[in-house]
Amino acid sequence: MNRTQPLVLGIESSCDETGVGIVRGDTLLANTVSSSMDEHVRFGGVIPEIASRAHLDAFIPTLEQALDTAGVTLDEVDALAVTSGPGLAGALMVGVCAAKALSLATGKPLYAINHLVAHVGVGVLDGGVLPENLGALLVSGGHTEILRVRSLTDDVELLGATIDDAAGEAYDKVARILGLGYPGGPVIDKLAREGDPKRIRFPRGLTQPKYMGSAEEPGPHRYDWSFSGLKTAVARCVEQFEAAGEPLPVADIAASFQEAVADVITAKAMLACTEHGISNLLLGGGVAANSRLRALTQERCDKHGISLRVPPVSLCTDNGAMVAALGAQVVMAGGQPSGIEFAPDSSMPVSSVHL
Amino acid sequence: MLILSLDTSAIASAALLTGQGETLAAFATEDTRSHAEVLAPGIGKIMTTADVTGADIDAVVVGVGPGPFTGLRSGIATARSLAFAWGKPLHGVMSLDAIAVDAALDAWRAGVDEFVVATDARRKEVYWARYRSTGGRHELLDGPHVSAPSAVPDLPAYGMGAGLYPEQLRGVTEYSGTQPTAEALGRTAVAKLEKGLDLLDTSPLYLRESDAKVPGPRKRAL
Ligand SMILES: [Zn+2]
């Protein structure tokens, strides 16, 4: 197998995006994504069975388009990569079965890749090799994590994560409470610009001393987040305005909610970075598109002397290029293929970069 | 002619068959929940056993259900990807036909004209279809459907669905544990392909909507 500048095709199907990406080494050649988001709108959130059906329908057309865009054939590909977890079990299954079949049909080696680490690995497609002392803050509709990345291909550690809803999920739920539709992120972000972020003080979850502890004696959730209480607080707040017969200050609530999310995410991320000698941070995941989260992360990174890297939005949201990019890194690092007997793992830990 | 046949509507199975319906190699699992792990390796093994490469295969055929959603998709995603990578024609077959092909012969020998095929749809329901046996050949009359076993027509019933609900279905004992297999599915497919008849496309026959419910409006405080 060509292990220098390998041509790798990556497949992603862990949530509601069917993605096929093609890279050569750390150069992006194609990033084709088909989203079933529109089909989930009326439900106000991703419905796993609907997402899985959409993956099956979208896979071959997405694959064809990616090959076409990259101007390569399956025969020319050096290796295949697929998200094997974490994610929605039924959705992962579609991409994994398709990837195994392509591997069987072409004889190309297959790498089963961790979706979360792929969100970090995608960074190489925008700016090349990732720096040392690296941390990654991943925020999306499906996950909220802070990682320490000692080696992209074999040493990644979870420092903290949400213990309930992902941040993006909280946006969706709050948007529903405010009657703003789905998905919640973009609409709340837009509305928040016209609102007062200090009008209502919403809670920052898991920030009480009993959860935080100290740097020397960390509490049980020092770097963890919780967003379910925040969503409840927004609902209570809305009820109070309604009970008082006052018009709902939607923009102020949106701004105050967004401030609470961005504040607690970045505060805890900074704590994790400074207490673990992390001097370079990568921000990834779909919520990296959020203007306030980006601005506050930049501001606080500057304050702590941490360099910040944010890949373009098309590489932050779920896609196949990130899977291909990490797959290529694993190939270049001499990693062994996963074969075609592995099982998808909906709760694959970040310590497992590939199977 | 050489076809690769797959079915994951219940168990996971694969078979290589000639145009005469002769099986060169086949594999089938017992269980109904590990399709994503076992299917591709199983196909790899039967191709090695039969000393066949993708270039030798003339068409890929897959059972399109009805069957439990996740398992069913495993087979269809696999079949579509193999056919795409090999550049070979791809066809679908209704999975209950894989039981009907043998049931029709049994029914004919028993002097029965019409029969049903039923498989496990979980949630106390069965997937079923009604067939006529014409000289031992199956002809689909009605279905496939998914319903409570009590809603299935009162006819001799073939397949695992009959075995699961002996009180509601008139099960044919020797077939009470029969599941659709790629081998039987392939026999019905080659018979049609050799005659130049059309098969189905590979759209899955889910028969059920996703369980998703549209949330109601939020209750107001007043
Ligand atoms: Zn993601």
*Can you tell me the 0 to 90 degree angle between the C-alpha axis of helix A:291-303 and the longest principal axis of chain A, rounded to 10?*
90
*Would you please give the FRET efficiency between A:Gln298 and A:Arg201, computed as 1/(1 + (r/R0)^6) with r the Cβ-Cβ distance and R0 = 35 Å, to the nearest 0.05?*
0.90
*With everything on Cα atoms, drop me the angle between helix A:250-275 and the longest principal axis of chain A, reported from 0 to 90° to the nearest 10.*
60
_Zero-based 10 Å bins, Cα pair distances in the protein assembly as shown, whole percents_ = 4, 17, 23, 21, 16, 11, 6, 1, 0
*How high is the relative contact order of chain A, given as a whole-number percent (alpha carbon pairs under 8 Å, six or more residues apart)?*
27
*asked:* On C-alpha positions alone, give me the angle between the axis of helix A:48-70 and the longest principal axis of chain A, in degrees, nearest 10.
replied: 50
*Might you report the magnitude of the Cβ-based charge dipole of chain B about its Cα centre, with Lys and Arg at +1 and Asp and Glu at -1, to the nearest 20 debye?*
1100
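Quick one: putting +1 on the C-beta of Lys and Arg, -1 on the C-beta of Asp and Glu, what dipole do you get for segment A:191-272 around its Cα centre, in Debye to the nearest 20?
With Lys and Arg at +1 and Asp and Glu at -1, about 160 debye.
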*First check a/c for segment A:134-310, with a ≥ b ≥ c the square roots of the eigenvalues of its C-alpha gyration tensor; if it is under 1.5, answer rounded, and if not, answer prolate when a/b is larger than b/c or oblate otherwise.*
prolate
*Modelled label-to-label distance, A:Ala244 and B:Lys195, 7 Å Cα→beta-carbon offset: nm?*
7.8
*Calculate the length of the line joining the C-alpha centroid of segment A:239-281 to that of segment A:186-232, in whole Å.*
6
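Within the set of other residues whose C-beta is less than 13 Å from the C-beta of A:Val33, count the net charge using Lys and Arg as +1 and Asp and Glu as -1.
Taking every Cβ under 13 Å from that of A:Val33, the sum is -4.
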*May I ask for the longest run of chain A untouched by GluC sites (Glu not before Pro) that are loop-located per DSSP and have at most 16 neighbouring C-beta atoms (other than their own) within 10 Å?*
A:1-131
*asked:* Compute a Gaussian network model of chain A, connecting alpha carbons closer than 10 Å, and tell me which residue from A:His119, A:His55, A:His221 fluctuates the most.
replied: A:His221
*Straight distance only, please: which aspartates and glutamates reach the Cα of A:Lys173 with their own Cα at less than 18 Å, same-chain residues fewer than 8 apart left out?*
A:Asp16, A:Asp38, A:Glu39, A:Asp164, A:Asp165, A:Asp189, A:Glu239, A:Asp252, A:Glu259
*Cα gyration tensor of segment A:134-181, axes a ≥ b ≥ c as square roots of the eigenvalues: rounded (a/c below 1.5), prolate (a/b > b/c) or oblate?*
prolate
*How large is the charge dipole for chain A, taken about the Cα centre, if only the Cβ atoms of Lys, Arg (+1) and Asp, Glu (-1) carry charge, to the nearest 20 debye?*
620
*If you plug each phi of segment A:191-203 into the Karplus form 6.51 cos²θ - 1.76 cosθ + 1.60 with θ = phi - 60°, what whole-Hz ³J(HN,Hα) values come out, in order, with x for Gly and Pro?*
5, 4, 5, 9, x, 9, x, 9, 4, 10, 9, 7, x
*Simple spin-label model, 7 Å along Cα-to-Cβ: A:Val313 to B:Asp154 in nm?*
6.4
*Please list the non-local residues whose amide H lies under 5 Å from the amide H of B:Val62, H modeled 1.01 Å from N, same-chain partners needing a gap of 5 or more.*
B:Leu6, B:His91, B:Gly92, B:Val93
*Can you bin chain B into rounded, prolate or oblate? Criterion: square roots of the alpha carbon gyration tensor eigenvalues sorted a ≥ b ≥ c, rounded for a/c under 1.5, prolate for a/b above b/c, oblate for the rest.*
oblate
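No lab work stands behind these numbers, since they all come straight from the coordinates. Keep in mind that what you see is a predicted model, and the values were worked out from it rather than measured. Reconstructed Cβ throughout: ideal geometry from the backbone, glycine too, with neighbour counts over all protein chains shown.
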